[in-house]
Each structure stands twice: as structure tokens, then as C-alpha cells.
Amino acid sequence: MASLFTLQVLFGIIYTGIRLATPYLFAAIGETFVQASGVYNLGVEGIMLMGAYSGFYVGMKTGSLWLGVLAAAATGVLMGLIMAVASVTLQAEQGISGIGLSLFGLGLSSLLFEKTLGNPQSIDVFPAFRIPLLGRIPYLGDALFNQNVMVYIAFLLVPVASFVLYKTTFGLKVRAAGQKPEAADTLGVNVNLIRYTTLALGGMMAGIAGASLTIALIGLFQENMTSGIGYIAVALVYFGGWRPSGVLAGALLFSFVNSIQSWIQVKGIAIPANIATMMPYVLTIVALAFTARRAIQPAALGKPFERGEN
């Protein structure tokens, strides 16, 4: 156990934790906008899987990782719009629609993998980029400022999302649609259009989250590789109190525990592998139990809106 408490392992845990937070941040920040507008999308897992596949396949076939990211984003937008049709236009129960979308993404990504790849193949991921000056800080420079571009983008999204959500007219409309859609409608806000927009945005972010796994972190695609990340991303929105900064805290907490359990296995510490793997998920349940009660969710979350209702 003492082998975990060396300086090298400590900064290794930080480095790995920062990397592992990337897909959670992309997916959870997108879902924050979706839920702020009054919709919850449990289809994030399926969207991530389709984004992971399309990003990997296009990146492998074209040799351009950026085209892979674009393909994953487009796939996510399309699946987000499917969710919008079901939950906003048809007013289907959002939880069931989301689970259906998740199962659809799981099944379709597995089918496409079988028909186009057949077995796991690897590609080169985005290379690490050392930030000048900051990257030279001993130990900490390697851990924080020697990451790939997708990691930097994910963390930069947090202040950008906060600004958009709380300092712009669009963000005000999003929050109004989630808090009091009837009042927003009387002021000229197209509530259904706002929800369509956020679902497309959230889908795009979930698609990119999936691509960040395959072409930024791991370098391969395999069936059901997200292993519940999409559902955890939804939970992180609740954990973070529907605030991007809170989502960041939750993503880091989860990813660092995940990093620790990985290092436990690498160091061969006498803890059963299944117990170590369970640690992040148990922590998520415990954290939600203590934080969800204090958070005030959007008043219209999960409630369909129809013009003319009182």
C-alpha cells in the first residue's frame, strides 16, 4: 500500500485523472444544457457509443482525427434530434425514450463494429501538447500541462458553458424554458425550439465525448466500451447542481477515484480487482445521496410543454 504514496505515483494519479475526466466533462456539460431547458436525456450512453464508433471509423479511414471528431459531433446531433422528436414533439416519457435511444446506440454501434471492423483495431491518438513555460514545472507540468488537445478543450468548456448559461440571452432562454416554460412562452421564447437546440447541442457533446475515448485516450473501438460513462455523466449533472463548475468537481472526483483504482491494480496491491473497479461507482452513489437533496433542479425538468397550457 505504501507504494501508492510516492511522488511519482501521486503525479501519475493526477495525470491519469485529468485524462479520464475528459469524456465525462464533454457529456455532462452538454447534458447540463439539456436539463437546464427542462429535458433529461438518458440516451447519452448510446450517443457516446455511436460517437465513439463514428469518430474512430472516420478517423481511421481518412487519417484525420479532426474529421473523426466532426463525424462524431454530427452523429451526436442526429441522435439528439431523434430524442427531441420523441420527447418534445411526440411528448413521450423522457426516461423511457432515453433508455430506448441508449439501447439503440448500443445495438447499432455493435452491429456496425461487427460489419465494418470485425475485431478491435488501433489508431494513433491525438498527441500530447506541452504548454510552454507551464509544462516545465517539475512533476506538475507533466501532470497538468502535457495533455492532448481534447483534454484542454474539455476543461475550457467549463468556463465557456458557465458564461453562455448565465451571461447570455440564449442561456437566459434555456433556463427560462426549464424553470417556467409558460412564462417564457408569453415573453416570446419558443420553448420547444430551445429544447430542440439544447438536445442537439447535448447530443453533439455526447458524440464528441465518445470520440474522445476512441481517438484521444484509448486509440481503439470495441463493443460497449463506454461501460456506463453516459449514465454517470447524467448523474454528474445532479451532483453538480446543474452548474458547469459543479459538474467539473464531480467529474474530477469520479475520474481521480477511477485513476486510483487503476494504479492499485498496476501496483499489484492486494485488493481484489472487482472491488477496486467498483470504487468509482460506489462513490458516485454515495455522493449523489448526499448532494442531490441540496440541489434545486429546474422546476419543469421532465415535463412536456404544450402551448396554451396553464
Sorted by Cβ density within 10 Å, fewest first, the residues F170, F33, F113:
F170, F113, F33
Checking P132, P298, P23 against a Gaussian network model of the chain (alpha-carbon springs below 10 Å), the top fluctuating residue turns out to be P132
Taking only pairs that are 8 or more places apart or on different chains, how many Lys pairs in the chain have Cα atoms under 24 angstrom apart?
4
Size of the dipole of the chain about the Cα centre, Lys and Arg at +1 and Asp and Glu at -1 on the beta carbon, nothing else charged, in debye to 20?
620 debye
Over the chain, what is the relative contact order in percent, taking alpha-carbon pairs closer than 8 angstrom and at least six residues apart?
36 percent
Most fluctuating residue of V39, V77, V125 in a GNM of the chain with Cα springs under 10 Å: which is it?
V125
So for each of 176-182, 60-66 I average, over its residues, the number of other beta carbons within 10 Å; can you give me the resulting order with the highest mean first?
176-182, 60-66
Which of Y281, Y238 comes first, and how do the rest follow, when ranked by fewest Cβ neighbours within 10 Å?
Y281, Y238
Anything in the chain that counts as a DSSP H helix reaching 30 Å or more along its axis (C-alpha) with Kyte-Doolittle mean of at least 0.5? List them, would you?
7-36, 94-116, 191-212, 244-266
Along the charge dipole of the chain, which of I13, L103, G203 sits closest to the positive end, that is, farthest toward it, with unit charges on the beta carbon of Lys, Arg, Asp and Glu (+1, +1, -1, -1)?
I13
Can you sort M48, M204 so the residue with the fewest Cβ neighbours within 10 Å comes first?
M204, M48
Per GNM of the chain with C-alpha springs under 10 angstrom, the most fluctuating residue out of G188, G46, G171 is G188
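Rule-based calculations on the coordinates, nothing more; no lab input. This structure is a prediction, so every number in the text was calculated from the model and none was measured. All Cβ positions, even for glycine, are placed from backbone atoms using ideal geometry, and neighbour counts span all protein chains on display.
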